[in-house]
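Okay, so here's the structure we're looking at.
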Amino acid sequence: MEQSNVLAVQKRRVLAVCVAAYTVSYLLRTNLSLALDDLMEVLAIGRGPAGLVSTLYFWTYASGQLLGGWLSVKWDPKRVVALGLAASGMCNLAIGFCSSYWALAALWTLNGLALALFWPPILQITTNWFEPGEYLKVSILLSLPTTLGYLLAWGGLGAVLRAAGWRWVFFCPALVAFCFFWVWLRGLKASPAAADLCYRPAVLAAPEKKEPAAEAPRRGSLARAMLTLPMLSFAFVIVTQGSTKESINLWAPTLLRQLAGPGQEGLVSLFTAVIPLFSTAGLLATGWLVRRLHGGQEGALLALTGAGAVCGWLLVALQGSLTGLVICLGLLLGLVYGVTTILTTLLPLRFARTGQSAAFTGIFNFLAYVGAALGGVLSGWVSDGWGWQRVYLLWAALATVSALALFVSEAWQYFSWRYLGH
């Protein structure tokens, strides 16, 4: 078989295994939201302490993104993912046996650190294999597990919850993780060199010898790039969007059960399964929009955050209707997923030439989950104190300030270019 055919087969295999790995990682983290209602009853805790468990998870997950980015550069990224997979499986298995609030909090916190070792190395592996022209397709496919994971968890694990109880909601993902561990080790090559192929993506190709003078600008490029106005506005937006995304993902099953009332488990399960479909549609629409704008990520971000602000206020207006609530939640979540996909996947790939794509995705994922850490506990405390209506207002406000931040940044850049000459 010619090398070009072998390369095409290897690329498809790498992408399939990476998508599967990221989907498994979402099974290992989305299960908490399904079991949260039962856990609050068993452990006799309110929504505030339950939200604190999620917050502790996201703090370690956010910090671990930086660790994952660093390890992906210094170590074999394939081994980094394997380490995270095994550790997260052990944490989920242990949670299935626990009966203490603090044991749950400690284990879920460790689970956050383990799962942080997935995304940066996976992105590093894809930059080892794919050309810049393939980045959009790859990034959209790699982002699908962020919604498919919830669909599998809220659909499949929801049935497990009803049939076997909350402990099996943690046992089942742990078993899946242990089985997939061997698939990951045997089914993936981290780079073309590991597969004995003489191939290197064009963006990574470089002369055999580099001039010392050319190295100096690259060493400071990470800090300089992050301290520009566009990147600072992106950083603010990823924090607010991360807060909205993960607080909806955490509380949606509990919220819908409480609003639907007793005897409506079938309807709640249907609505819970529908919400991730909106998220998947949002990801696909984001890919279409970026292509339509010829790769214009800034324009796509403005459109998505603006639409998200509109959906946020529609959520506030239609909260009296369960169907309207589900549709608005789904639309808002889909738009938020589109924004976070651009900021955590497409944007970092701009820096593949300098070998810093994993570092940038680590930074933006860190910021996203700083927002998530704040959003989970804040939504829990607000709903405990003032009800879900105030939580809807919080989500609408976060969507609005995200859109305004991007608009101000883009307007200032245009003003600087048009009138200040830079």
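From the P(r) of the chain, could you give the percentage of C-alpha pairs in the tail past 31 Å?
38 percent
For segment 147-195, what log10 I(q)/I(0) values come out of the Debye formula at q = 0.13, 0.14, 0.18, 0.28 1/Å, with one point per alpha carbon and no solvent?
Taking Cα atoms of segment 147-195 as identical point scatterers yields -0.44, -0.49, -0.66, -1.00.
Quote the FRET efficiency, to the nearest 0.05, computed for Ala164 versus Tyr199 with a Förster distance R0 of 41 Å and r equal to the Cβ-Cβ distance.
Efficiency computed from Cβ-Cβ geometry: 0.30.
Provide, for the chain, the number of lysine pairs with alpha carbons under 25 Å apart, each pair being eight or more places apart or on different chains.
Lysine pairs satisfying the spacing and distance rule in the chain number 11.
Once R0 is set to 22 Å, what does the formula 1/(1 + (r/R0)^6) return for the Cβ-Cβ distance between Arg390 and Thr323, expressed as a FRET efficiency to the nearest 0.05?
Efficiency, from the Cβ-Cβ distance: 0.55.
Amide H of Gly296 versus every other amide H placed in the peptide plane: which residues, excluding those fewer than 5 positions away on the same chain, fall under 5 Å?
Counting only residues 5 or more places away or on other chains, the set is empty.
By count of other Cβ within 10 Å, fewest leading, how are Ile342, Ile45 ordered?
Ascending number of Cβ neighbours within 10 Å: Ile45, Ile342.
Using DSSP to call loops (not H, G, I, E or B), can you name the chymotrypsin sites (Phe, Trp or Tyr not before Pro) in segment 60-105 whose Cβ has at most 12 other Cβ atoms within 10 angstrom?
Those that pass, being in a loop and sparsely packed, are Trp75, Phe97.
Using the Cα centre of the chain as origin and beta-carbon charges of +1 (Lys, Arg) and -1 (Asp, Glu), tell me which of Gly387, Gly84, Met40 is placed farthest towards the positive end of the dipole.
Gly84
Can you give me the Rg/Rh ratio for segment 1-157, using Cα atoms for both radii and the Kirkwood formula for Rh?
Answer for segment 1-157: 1.04.
With the cut-off at 24 Å, report for segment 71-181 the share of all Cα pairs above it, as a whole percent.
34 percent
Based only on Cα atoms, what mean projected area does the convex hull of segment 373-421 have, in nm²?
4.2 nm²
From Cα pairs below 8 angstrom and at least 6 apart in sequence, can you work out the relative contact order of the chain, rounded to a whole percent?
Rounded, it is 27 percent for the chain.
Specify the residue with the greatest mean-square fluctuation among Val81, Val138, Val176, computed from a Gaussian network of the chain linking alpha-carbon atoms under 10 Å apart.
Val176
Among Arg167, Arg292, Arg29, which one shows the biggest mean-square fluctuation in a GNM of the chain, springs joining Cα atoms closer than 10 Å?
Arg292
May I ask you to derive the relative contact order of segment 44-115, considering only C-alpha pairs under 8 Å and at least 6 residues apart, and to give it as an integer percent?
Reported as a whole number, the value is 50 percent.
Hey, fewest Cβ within 10 Å first, where do Thr55, Thr146 land in order?
Ordered from fewest to most neighbouring Cβ atoms within 10 Å, Thr55, Thr146 come out as Thr55, Thr146.
Taking the Cβ of each residue in Trp154, Trp184 as the centre, tally the other Cβ atoms inside 10 Å and list the residues starting with the fewest.
Listed from fewest to most nearby Cβ atoms, that is Trp184, Trp154.
Could you identify which residue out of Thr127, Thr361, Thr254 has the top mean-square fluctuation in a GNM of the chain using Cα springs shorter than 10 Å?
Thr254
Can you give the longest stretch of the chain with no exposed loop site, where a site means GluC sites (Glu not before Pro) in a DSSP loop (not H, G, I, E or B) with at most 14 other C-beta atoms within 10 Å?
209-422
Given the Cα-Cα distance of Trp70 and Ser416 and 0.36 nm per residue of separation, how much length would full extension add, in nm?
That works out to 121.0 nm of additional length.
Every read-out reported here was derived from the displayed coordinates using simple, explicitly stated rules and does not represent laboratory data. Owing to the predicted nature of the structure, the values given are computational and were not obtained by experimental measurement. In this analysis, Cβ positions are derived from the backbone assuming ideal geometry, glycine residues included, and neighbour counts consider all displayed protein chains.
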